Amino acid sequence: MPELSRRRALTAAAALATTAGAQAVAAPTASTAARESAASTASTASTAGHGPHSPASFDEVYKGRRIQGRPVSGGGHQHHGAGYAVFVDGVELHVMRNADGSWISVVSHYDPVPTPRAAARAAVDELQGATLLPFPAN
C-alpha cells in the first residue's frame, strides 16, 4: 500500500471541504425552493378553487389581443393542458403542463413559462399580430 504523501493528503482534504461546502449551500436552497413551491401551490389553489395544481382564471387584453384562461372539466385535451384552457382572441391556444410545473404552448413550445397566462403572452409575442389558427384535434 503506498504511503500517504502530502499531495494525496491535501487532495483528499480539498475534496472533503468541497463536498461539505456544496452540501451546506445546497441544503438551504432546496428547503427554500420547497417552501416557495408550497406557497405557490397554496395561493394558486385558493384563487382557482379547482384543486392545488390548477392556476387561477384570467381575462385581459395584452398588446391589443384578448387572452383568457380558465380551468375546465369534461372532454377535450385535458391530459395535455392539465384541465386548463387558454384562448387568444377566442381561438383556443393548446397548452401543456410539463413535469416540472412549467407550461408550453403550440406556438412557443421551446420556451417554457411558469403559468398559462405567461404562455398566452408568449404566444401573442410570437404571433406578432398574426391570427392564431385553430389547432386540429387528433
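The values are calculated or read from the model by the stated rules, or taken from the named source; none is laboratory data. Owing to the predicted nature of the structure, the values given are computational and were not obtained by experimental measurement. In this analysis, Cβ positions are derived from the backbone assuming ideal geometry, glycine residues included, and neighbour counts consider all displayed protein chains.
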Please verify whether VAL107 is touching a helix residue (DSSP H, G or I) at 6+ places or on another chain (Cβ under 6 Å) and in contact (Cβ under 8 Å) with a residue 12 or more places away in the chain, treating the condition exactly as stated. yes
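Looking at the range 102-138 only, could you name the residues that are of a type in the set (S, T, N, Q) and not in a loop (DSSP other than H, G, I, E, B)?
If the condition is that a residue be of a type in the set (S, T, N, Q) and not in a loop (DSSP other than H, G, I, E, B), then SER105 is the only one that fits.
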Kindly list the number of the only condition in (1) in the same structural domain as PRO71 (by TED's automatic domain parsing); (2) closer than 18 Å to ASP59 by Cα that fails for LEU132. (1)
